[in-house]
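Below is one structure, written out as structure tokens; comments come after it.
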Protein chains: 2
Amino acid sequence: MPGDLFDEAEGTRAEVMEATYSALRKHGYADLTIQGIADEFPKSKSLLYHHYEGKDEILLEFLDYLLTRYRETVPERDFDDAIDHLQGVVGYVVPLNMEEGQEDFTRAVIELRAQAANDERYHDHFTRSDQVFRERLREVLQQGVEDGAVRPVDPDAVADFVLTVFDGAMHRRVTAEVDVTRIRGEIQGYLEGLRRSGNDG
Amino acid sequence: MPGDLFDEAEGTRAEVMEATYSALRKHGYADLTIQGIADEFPKSKSLLYHHYEGKDEILLEFLDYLLTRYRETVPERDFDDAIDHLQGVVGYVVPLNMEEGQEDFTRAVIELRAQAANDERYHDHFTRSDQVFRERLREVLQQGVEDGAVRPVDPDAVADFVLTVFDGAMHRRVTAEVDVTRIRGEIQGYLEGLRRSGNDG
């Protein structure tokens, strides 16, 4: 596990991760090589070759790094109204327009996720990341049900459904020509439908 | 375009497509080679090398072949109740258990679709296939709205949303550990929610 070295030099690890991010945006997964990452890395290139067996080892560490950063930076509760909060999440997950860097990165993530179809290590990662995002959605829904903003739904099931919708929207938009405005409008409408109305028991 | 030869010998083309299907299930996209397809092909291997530049040319023709077959075999209208019909589609698209062959094939399709992130030819294909499936869903919803089985929704928008949900479910299940029963249950619940009730105008 290459983490040993980087624990002592967190700055270096962060630089490797930055280099990986740049190289991934530039080359995509299929055309990415360790050399391509090394080209973006300001320090000794041999460090990379010494510490990683191949590009997948770096990429898996990179995915883990992103997930850890997400977990550390997203506060547990930072909303007044659960539905408004979820609508805000839609703004990030299904933006109407993606900046070039964001689009390149989303493409790369879709390529990485496709590796999970045949590579257990990627499969394990995306199982974990799905769990993290689903749990976050579940907490928001659960809180909404408890404080009366959300209809009495099963937060586990709805969270899994919302994650599926987000995943499908992200997957479709970088692999086909889609009408993002229309899809986003339907997602927003679905979420509004979760709002507790006067008729709910 | 290799179609010229095969137009005269539709049987041979079908055999190439069969060989491609077998090889794709066996090897997945990343490890697939023309040789892998040739190994499944009962006729002259040189025919394949002569007529296709690389595996992507065969795979793109294969995807087109599947889409054409779908369009030719699915009848325009074969349902009494639109929602019941869509629930039936869920049975195919999000089966509780996939047979081994179906799972291998779904994995391969997800890998092929990921190519669309960086290869315009795959992007064009999946744009077209999304259009075909969305149009089919739209027709069912439109018919349902007209005959009163479905609430007065926008068939275009709901079709795009349903396609997004199907895509996300298929994508997630072959790239992570997911609770298919739960996701499927939520999809079924969403579709039931489209049914026209006494309160709808």
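The values are calculated or read from the model by the stated rules, or taken from the named source; none is laboratory data. Fair warning: this is a prediction, and the values are worked out from it, not measured in the lab. Cβ: placed from backbone, ideal geometry, glycine included. Neighbour counts: every protein chain shown. For the accessible areas, the whole protein counts, side chains as well, though only heavy atoms, and no ligand, DNA or RNA atoms are used. Shrake-Rupley method; radii C 1.70, N 1.55, O 1.52, S 1.80 Å.
List every residue pair whose Cβ atoms lie under 7 Å apart, where the two residues are 6 or more positions apart in sequence or sit on different chains, the first residue falls within segment B:12-40 and is small (Gly, Ala, Ser), and the second residue, located anywhere, is surrounded by fewer than 17 Cβ atoms within 10 Å (Cβ to Cβ) and not in a loop (DSSP other than H, G, I, E, B).
Matching pairs, first to second residue: B:ALA38/B:LYS45.
Of the conditions (1) within 12 Å of chain B (Cβ to nearest Cβ); (2) among the basic types (Lys, Arg); (3) in contact with a strand residue (DSSP E or B) (Cβ under 8 Å, 6 or more places away or on another chain), A:ARG196 clears all except one; give me its number.
Among (1) within 12 Å of chain B (Cβ to nearest Cβ); (2) among the basic types (Lys, Arg); (3) in contact with a strand residue (DSSP E or B) (Cβ under 8 Å, 6 or more places away or on another chain), A:ARG196 violates only (1).
Just the residues that are closer than 20 Å to B:ASP167 by Cα and either free of Cβ contacts under 8 Å to residues at least 12 places away in the same chain or of a type in the set (Asp, Glu) (or both), please, taken from segment A:96-108.
A:GLU103
Each row is one residue, and each column tells you yes or no for (1) in contact with a His (Cβ under 7 Å, 6 or more places away or on another chain); (2) open to solvent by 10 Å² or more (accessible area, probe 1.4 Å); (3) within 9 Å of chain B (Cβ to nearest Cβ); (4) modelled with pLDDT of 95 or more.
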| site | (1), (2), (3), (4) |
| --- | --- |
| A:THR127 | no, yes, yes, yes |
| A:LEU137 | no, yes, no, yes |
| A:ASP156 | no, yes, yes, yes |
| A:ASP160 | no, no, yes, yes |
| A:ASP167 | yes, yes, yes, yes |
| A:ARG172 | no, no, yes, yes |
| A:ASP179 | no, yes, yes, yes |
| A:ILE183 | no, no, yes, yes |
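Is one or more of the residues making up segment B:79-87 without any contact (Cβ under 8 Å) to a residue 40 or more places away in the chain, open to solvent by 70 Å² or more (accessible area, probe 1.4 Å), within 14 Å of chain A (Cβ to nearest Cβ) and not in a helix (DSSP H, G or I)?
no
For the list (1) more than 13 Å from every other protein chain (Cβ to nearest Cβ); (2) surrounded by 15 or more Cβ atoms within 10 Å (Cβ to Cβ), I need the number of the one condition that B:GLY101 fails.
If we test B:GLY101 against (1) more than 13 Å from every other protein chain (Cβ to nearest Cβ); (2) surrounded by 15 or more Cβ atoms within 10 Å (Cβ to Cβ), just (2) comes out false.
Out of all the residues in segment B:10-33, which are closer than 18 Å to B:GLN102 by Cα, away from every other protein chain (no Cβ under 14 Å) and surrounded by fewer than 21 Cβ atoms within 10 Å (Cβ to Cβ)?
B:MET17, B:GLU18, B:TYR21, B:SER22
Of the numbered conditions (1) open to solvent by 50 Å² or more (accessible area, probe 1.4 Å); (2) free of Cβ contacts under 8 Å to residues at least 40 places away in the same chain; (3) outside any loop (DSSP other than H, G, I, E, B), A:GLY91 satisfies every one except a single condition; which is it?
For A:GLY91, the exception is condition (1).
Among the listed residues B:GLN131, B:GLN115, B:GLN143, B:GLN188, identify the single one that is open to solvent by 40 Å² or more (accessible area, probe 1.4 Å), free of Cβ contacts under 8 Å to residues at least 12 places away in the same chain and not small (Gly, Ala, Ser).
That would be B:GLN131, the only listed residue that is open to solvent by 40 Å² or more (accessible area, probe 1.4 Å), free of Cβ contacts under 8 Å to residues at least 12 places away in the same chain and not small (Gly, Ala, Ser).
Looking at B:LEU96, B:LEU112, B:LEU141, can you tell me which residue is in a helix (DSSP H, G or I) and either more than 13 Å from chain A (Cβ to nearest Cβ) or over 14 Å from the mean Cα position of the chain (by Cα) (or both)?
B:LEU141
Please enumerate the residues belonging to segment A:43-75 that are among the charged types (D, E, K, R) and more than 17 Å from A:ASP130 (Cα to Cα).
Correct list: A:LYS43, A:LYS45, A:GLU53, A:LYS55, A:ASP56, A:GLU57.
Taking segment A:52-92 on its own, how many of its residues are of a type in the set (Phe, Trp, Tyr) and in contact with a His (Cβ under 7 Å, 6 or more places away or on another chain)?
Of the residues in segment A:52-92, 1 are of a type in the set (Phe, Trp, Tyr) and in contact with a His (Cβ under 7 Å, 6 or more places away or on another chain).
Could you list all residues from segment B:153-188 that are β-branched (Val, Ile, Thr) and assigned to a helix (DSSP H, G or I)?
Residues satisfying the conditions are B:VAL158, B:VAL162, B:THR164, B:VAL165, B:VAL174, B:THR175, B:VAL180, B:THR181, B:ILE183, B:ILE187.
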